[in-house]
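The values are calculated or read from the model by the stated rules, or taken from the named source; none is laboratory data. The model shown is predicted, which means the values in this text are computed figures rather than measured ones. Here Cβ is always computed from backbone atoms with ideal geometry, including for glycine, and neighbour counts include all displayed protein chains. Accessible surface is based on the protein model in full, side chains and every heavy atom, while ligands, DNA and RNA are left aside. Shrake-Rupley method; radii C 1.70, N 1.55, O 1.52, S 1.80 Å.
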Amino acid sequence: MPTCRICRGERLNTFLSFGSMPLVNNFLREEQLGTPEHRFPLDVCFCDNCGLVQLGYVVDPEIMFKNYAYLTGASEPLLAHFAALAAEITQRFDVPVGSLVVDVGSNDGTLLQSFQKLGMRVLGVEPAVNISKLAVSRGIETTNDFFSSHVAETISAELGRAKVITAANVLAHVNDPEDFLSGVTSLLDEDGIFVIEVPYLVDLLEKREFDTIYHEHLSYFALRPLMSLFAKFGLGIVRVERISVHGGSLRLYVQKSAHSISPNVSELLKLEERAKLAALETYQKFAEDVSQIKEELRSLLQSLKARGARIVGYGAPAKGNLLLNYCQIGTDILDYIIDTTPFKQGRYTPGTRVPIFPESRFHNAPTDYALLLAWNYTDAILQKEKAYRQAGGKFIVPIPKPRIV
Ligand code: TYD
C-alpha cells in the first residue's frame, strides 16, 4: 500500500490511470527496436490528508536518470529563461561576486554558465553520467550524483556553505523531498537564498496538461503542500511568482527563518481554494476531460489522414511520448518527428517507435500538418515557422483542446 511521500498518509485515491507506459525519455536506438520495452504502471493519486497529487508507483531513479536524454540547452527559449534567472537572483539579493552557487539537477550546466559569467563560484549536482560529463566539458564543475543530505554535507565540508541554491524542475522528481530539503538546509548559508521552480498544479489542471504526467514526475505541487513541507525545515517563502516555463510553474524564493512572507502567497492560496484543489471531484473531472481529449485528437488526426494529409510531430519532448502512447498515435499517423536535441536525432520514440530527425528534414520538405508536441513553446515555434505557415502549413495543438492553427 503506497503512502503519501510528504505526510505519510495512507489514503491515496487513484483518480487517473494511464495503464502501463514506457519510460518517456527512453529514446530507442535502431538496434533496440526488436526488443520489447519495459513498461511500468502510471497511476495518479490524490492524498486525502495533505492534498498532494502524486504517482502511486515509483520507478527506480537509477533507471530513469543515470543516462538522460533531456538537454536544457537544446531549447532556445530555456537559455534566455535561465540567463534571466541568474541575473534576477544576483541583483535582487545582492549576491557578492565570488559567492558559491549550487544548482541541483544542473543538467548540461546552462544555468550555472550564466552565474559563472556573473563572477560566481559554481557547482552542479547532476545524476546523469552522460550529461554531467557534457557540463564538465563546458567548464562547469559537476558532482555526478543524486542530491541528498549526504551529498550536501560532502559539498559543504569541501567548499563551505552556498549563498545560492537553485533547483529548477527538480523537486517534483524527488522521491524523498524531506531528505532533499534537509540537504538544502544544511548546505545553505544562514542568509542564503534557495530558488526553486516547480510545475504548478493549477496550470496542469486548467490547461489539461495531462501529458506532463509521467514516471519521472512523482509529485504535482500546489503552494499549500509546499508550504507545509518547507515549514518543517524552518524555511519560509519570501517571494513567489507564476512563470510560464513548462506549461506554467511556480518560482519560489525561500530563506531560512524568513519573517516576511510574500504578500502574493495568500493570493495564490485563495486561487487554489477557488480551483478546489482540496476536493477529489476536481481530479475526477480532470480525468474525464483527459479521456475526451484523447478521443477528439484521435478522430481529428484520423480524419486528416483519411483525406491524404501528411503529418509530422514537432518536437520530441518527454511529454510528447506520454501523449503519443496514451492516444495511441504512431507511424500510422506521423511520418516522423523533428527535434533539435542531437541525442534524440536518429533514435525512435519509446513505445510508439516514430523516427526522429533534425529540423532540416521538415524545412526541406514541409508537410501539411505538424502535431505540436512541444506545446509549451507554441509562441516561439509559431514565430520560428512563419515561412511554413505562410506557405499553408498548419499546426495541430493538442491541449487544452485539440485545435488547428
Ligand atoms: P521540453 O518541453 O522542454 O521538455 P520535456 O521533455 O520535459 O517535456 O522539451 C522540448 C523538446 O522540444 C526538446 O526535445 C527540444 C525540442 N524543441 C524543438 O525540437 N524545436 C524547438 O524549436 C524547441 C523550442 C524545442
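Just one of (1) of a type outside the set (A, V, I, L, M); (2) within 22 Å of residue 400 (Cβ to Cβ); (3) surrounded by 22 or more Cβ atoms within 10 Å (Cβ to Cβ); (4) more than 10 Å from the ligand (Cβ to nearest atom) trips up residue 350, so point out which.
If we test residue 350 against (1) of a type outside the set (A, V, I, L, M); (2) within 22 Å of residue 400 (Cβ to Cβ); (3) surrounded by 22 or more Cβ atoms within 10 Å (Cβ to Cβ); (4) more than 10 Å from the ligand (Cβ to nearest atom), just (2) comes out false.
Only residues that are closer than 20 Å to residue 336 by Cβ, touching a residue at least 40 places away in the same chain (Cβ under 8 Å) and within 21 Å of the chain's Cα centre (by Cα): list them for region 370-405, please.
Within region 370-405, 371, 372, 373, 374, 375, 377, 381, 398 qualify.
Within the bounds of region 111-123, is there any residue that is within 16 Å of the ligand (Cβ to nearest atom) and either under 20 Å from the mean Cα position of the chain (by Cα) or free of Cβ contacts under 8 Å to residues at least 60 places away in the same chain (or both)?
Checked region 111-123: at least one residue is within 16 Å of the ligand (Cβ to nearest atom) and either under 20 Å from the mean Cα position of the chain (by Cα) or free of Cβ contacts under 8 Å to residues at least 60 places away in the same chain (or both).
When you scan region 242-301, how many residues do you find that are without any contact (Cβ under 8 Å) to a residue 40 or more places away in the chain, out of contact with any Gly (no Cβ under 9 Å at 6 or more places or on another chain) and hydrophobic (A, V, I, L, M, F, W, C)?
Count: 1.
Would you mind listing the helices (runs of 4 or more DSSP H) fully within region 223-339 where at least 3 residues are within 16 Å of the ligand (Cβ to nearest atom), open to solvent by less than 30 Å² (accessible area, probe 1.4 Å) and farther than 25 Å from residue 91 by Cα?
In region 223-339, the matching helices (runs of 4 or more DSSP H) lie at 318-326.
Check residue 331 against each of (1) closer than 26 Å to residue 244 by Cα; (2) free of Cβ contacts under 8 Å to residues at least 60 places away in the same chain and name the one condition it does not meet.
Tallying (1) closer than 26 Å to residue 244 by Cα; (2) free of Cβ contacts under 8 Å to residues at least 60 places away in the same chain, residue 331 fails exactly one: (1).
Of the residues 187, 171, which is open to solvent by less than 30 Å² (accessible area, probe 1.4 Å), in contact with a helix residue (DSSP H, G or I) (Cβ under 8 Å, 6 or more places away or on another chain), in contact (Cβ under 8 Å) with a residue 60 or more places away in the chain and of a type in the set (A, V, I, L, M, F, W, C)?
Residue meeting the stated conditions: 187.
State whether the residues of region 91-104 include one that is under 15 Å from the mean Cα position of the chain (by Cα), crowded, with 16+ Cβ neighbours inside 10 Å, within 15 Å of the ligand (Cβ to nearest atom) and closer than 25 Å to residue 200 by Cβ.
Checked against the condition, which is being under 15 Å from the mean Cα position of the chain (by Cα), crowded, with 16+ Cβ neighbours inside 10 Å, within 15 Å of the ligand (Cβ to nearest atom) and closer than 25 Å to residue 200 by Cβ, region 91-104 yields no hits at all.
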